[in-house]
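Student: Starting off with a structure, shown below.
The values are calculated or read from the model by the stated rules, or taken from the named source; none is laboratory data. Just so you know, these numbers come straight off a predicted model, no measurement behind them. Note that each Cβ is placed from the backbone with ideal geometry, even for glycine, and that neighbours are counted across all protein chains shown. Ligands, DNA and RNA are stripped out before the accessible areas are found, and what is left, the full protein with its side chains, is counted by its heavy atoms. Shrake-Rupley method; radii C 1.70, N 1.55, O 1.52, S 1.80 Å.
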Amino acid sequence: MTQIELAAPACLTLAAARIDGRPALLGIALRHPPVHLIARPAPRLAASGARADVAYHHGKAFMSSKNMNTAADFEIELAIPAYMGLGSTPLIGLSVARAMAALHGLPTDDAQALAAAAGVEPAEGLAIQSFGGGGLLLVDESGAALRRYAISHSSEPQDWVFVLALPRPPTDTPDDLEVAEMNRLWRAAAGLDERAEQLVAGRLWPAAEGDDIDAFGAALMELQGIYGDNEASPEEQAILAIMRAGGAVAWGRAPTGLGLYGLIRGGEPSRRLRQSLVAHVGHAGGTIMATICETGGVRQRDVQHGNTA
């Protein structure tokens, strides 16, 4: 029996943008926190583990779109936390679709086709393209990648590191928070003018390609300021102030969720920043982690197991 093991990246949306005369969203595929799941052939659809309800929903949609009469049993070992603006729901959906396609001999390489079959909306293009190929991304409303750049991480002192502060979501957090914020961001992108395009094409993207993290951070902060953002709470302001004081070149709340991020150069500075954040939030204040750009998208491993009774 074949068993499929998948590891999919997270996706941090960074800003509404404009490129090639079109509205776009800017974001980046991140190695952590990932989706890790195991899928096995099964007569009926089943899912267990973190966010199993999401996996079941998208698995059912995929089966319906493909008129399948056999299914899979999913064991979700790790899931991207919900409500953080890291693409948890679409990336679980894509992982389920890819695993089911692999188990049943269907094409697996077209992330947009997998998304359509699993009921992942084109508006989630950043998650779709993060899954399909990773990198720093600009996507349009159809879900297509307009620009993609793999940020190198061959030298720890020179790495672009995203330090994440992921709070515990309030009990009254709306279930559709990330969808609503994504739609809001697309509306903001539609209202941007040539000033945003000049900033993205003339400064931000060349800075990424030239490994100029300071220029990239300055351009990103300016881009976020063009369309504005929700006002940060006092606690969010305190965390972001620690990131800024700790050497981050860009910082903010994830535009589609509750997570906070700071972009900093180098492994050791990122460790010092994490220590400062942990000291501030305490053990009950959420999760502090650091991660780098995922440049390859989803990773899959097929394992052969003998039949069991």
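Student: Please go through (1) free of Cβ contacts under 8 Å to residues at least 40 places away in the same chain; (2) touching a Cys at 6+ places or on another chain (Cβ under 6 Å) for Gly87 and return the number of the only condition it doesn't satisfy.
Tutor: (1)
Student: Please pick out the residue among Ala39, Ala55, Ala99 that is outside any helix (DSSP H, G or I) and open to solvent by less than 30 Å² (accessible area, probe 1.4 Å).
Tutor: So the residue among Ala39, Ala55, Ala99 that is outside any helix (DSSP H, G or I) and open to solvent by less than 30 Å² (accessible area, probe 1.4 Å) is Ala39.
Student: Oh, and also: Take Ala8 and decide whether it is under 20 Å from His104 (Cβ atoms), modelled with pLDDT under 95 and among the small types (Gly, Ala, Ser).
Tutor: no
Student: To continue, here is another question. State which residue pairs qualify: first residue farther than 10 Å from Ala117 by Cα and inside segment 54-72, second residue assigned to a helix (DSSP H, G or I) and open to solvent by 60 Å² or more (accessible area, probe 1.4 Å) in any location, beta carbons under 9 Å apart, and separation of 6 or more residues or different chains.
Tutor: Between residues of segment 54-72 that are farther than 10 Å from Ala117 by Cα and residues that are assigned to a helix (DSSP H, G or I) and open to solvent by 60 Å² or more (accessible area, probe 1.4 Å), the close pairs are Ala71/Lys60.
Student: I'm trying to understand the selection: among the residues of segment 241-264, which are of a type in the set (A, V, I, L, M, F, W, C) and open to solvent by less than 20 Å² (accessible area, probe 1.4 Å)?
Tutor: Passing the criteria: Met243, Ala248, Ala250, Ala254, Leu260, Leu263, Ile264.
Student: Looking at (1) over 21 Å from the mean Cα position of the chain (by Cα); (2) at pLDDT 95 or above; (3) not aliphatic (A, V, I, L, M), can you tell me which one Asp302 breaks?
Tutor: Going through (1) over 21 Å from the mean Cα position of the chain (by Cα); (2) at pLDDT 95 or above; (3) not aliphatic (A, V, I, L, M) one by one, Asp302 breaks only (2).
Student: Tell me, which residue of segment 196-231 that is open to solvent by 30 Å² or more (accessible area, probe 1.4 Å) and in contact with a helix residue (DSSP H, G or I) (Cβ under 7 Å, 6 or more places away or on another chain) is modelled with the lowest pLDDT?
Tutor: Ranking the candidates gives Tyr227 first.
Student: Further, regarding this structure: Of the residues Ile239, Ile264, Ile226, Ile288, which single one is under 22 Å from the mean Cα position of the chain (by Cα), in a helix (DSSP H, G or I) and among the β-branched types (Val, Ile, Thr)?
Tutor: Ile239
Student: Read through the list (1) surrounded by fewer than 24 Cβ atoms within 10 Å (Cβ to Cβ); (2) touching a residue at least 60 places away in the same chain (Cβ under 8 Å); (3) assigned to a helix (DSSP H, G or I), then give the number of the only condition that Ala113 fails.
Tutor: All conditions pass for Ala113, except number (2).
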